[in-house]
Amino acid sequence: MAVATTLGMALILSIMAPFASATAPTPGGQLEKALEVVTAHGFEGLRTGVTGFDSPNSLKVIVAVERTVGASHPPSQAFFFFRNRYLGTDTRETSDSVSLASASPTTVALRYELWRPSDAHCCPTGTATVRFHWDGSALVRLDPMPSDSSRYASPPAPPVPDPGNPRNLPVTPALEAQLRAAFCSTNTCPKRPVPNTTYYGSDGPRVFAFTSFTGRRSSPESLIPQVFERVNGQWFWKGPFDGYICVTVIPRSLLVAWHLHRVGECFKAYR
């Protein structure tokens, strides 16, 4: 991840030395100079992530992506400017996804996508909005910054081996009781699974299932799939997956056999 001049851990960053003459350039000239700074740090400016350059006295931001050869999801960073001064970046380390949320002449809000260690890149857990304010002499961060680890998706795990021989197996009350017992062995014991949320099948020698113990079937977004694998005749709980199950957890061919909706390398459990 790239390192650039930054706010660091402090909430206030003093004004940096000017990168042009003391005479404020035209707004268009400011953008050109700002893009030169972004390029010098190894980033490419995104014109869709630029704000403030239509007024010489506004806080200016360029959200840029790192020049990374062959990266499908290059990291990004926000660069701040005021008049002809470069103020620094939003964070010391880059983020997997940062975008402009809103802007006024003195305050810019950035939106960060957040991941847990188990999340695939396609499916972040949530978002956080962080505001930055120009108070006339310094840049002030108004909201806590999410941790570096939460702003970055974990490196993708390899797909689960896929024998390509999926079988969609019938769900029975006895199966759901076994899944509940496996879940209760490491969690607070829930009631029985939500009706019509259990999937069960095999792919070669491996056997998988998932179900939801919370939410309502009429409200798919409230359902949290709990994934299980049967090993030597015993079910083991593999964890919750926030609505999506990826090929790093269950073989692709079995997810397809269950007729789940594909989103990249993951499948939406309920819809």
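The numbers here are math on the coordinates, done by the rules we state, and not lab data. The structure displayed is predicted, hence computed values, not measured ones. Quick reminder, even Gly has a Cβ in these numbers, built from the backbone with ideal geometry, and neighbours come from all protein chains shown.
Measure off 7 Å from each Cα along the Cα-to-Cβ vector at residue 129 and residue 181, then give the distance between these two points in nanometres to one decimal.
The two pseudo-label positions are separated by 4.9 nm.
At what distance in nm do the modelled label points of residue 137 and residue 271 sit from each other, each positioned 7 Å from its Cα along Cα→Cβ?
5.6
What is the angle, in °, between the Cα long axis of helix 173-184 and the longest principal axis of the Cα atoms in the chain? Nearest 10 is fine, range 0 to 90.
Roughly 50 degrees between the two axes.
To make sure I understand the rule: partners must be aspartates and glutamates, Cα under 19 Å from the Cα of residue 238, and not fewer than 8 residues away in the same chain. Which ones qualify?
Excluding near neighbours in sequence, the set is 119, 162, 176, 203, 229, 265.
Neighbour counts of other C-beta atoms within 10 Å: give me 189, 246, 184 arranged from fewest to most. Spell out each step's value before the answer.
On the way: 189 10, 246 24, 184 13.
With the sparsest Cβ surroundings first, the list reads 189, 184, 246.
Between residue 191 and residue 44, what's the calculated FRET efficiency when r is the beta-carbon distance and R0 is 51 Å? Round to 0.05. Walk me through the numbers on the way to the answer.
Details: r = 52 Å, r/R0 = 1.02.
That pair, residue 191 with residue 44, gives E of 0.45.
For the chain, set up a GNM with springs between Cα atoms under 10 Å and report which of 167, 116, 141 has the largest fluctuation.
167
Cut-off under 16 Å on the C-alpha distance; same-chain residues fewer than 8 positions from residue 60 excluded. Which lysines are left, in chain and number order?
Hits, sequence-local ones excluded: 33.
Would you kindly state how much longer the chain becomes between residue 217 and residue 51 on full extension, computed as 0.36 nm times their sequence separation minus their alpha carbon distance, in nm to one decimal? Could the numbers behind the result be given before it?
Numbers: separation 166, 0.36 × 166 = 59.76 nm, distance 4.28 nm.
Fully extending the segment from residue 217 to residue 51 adds 55.5 nm.
Express the relative contact order of the chain as a whole percentage, based on alpha carbon pairs under 8 Å and six or more residues apart in sequence.
Working: 571 pairs, mean separation 35.5, N = 271.
The normalised contact order for the chain reaches 13 percent.
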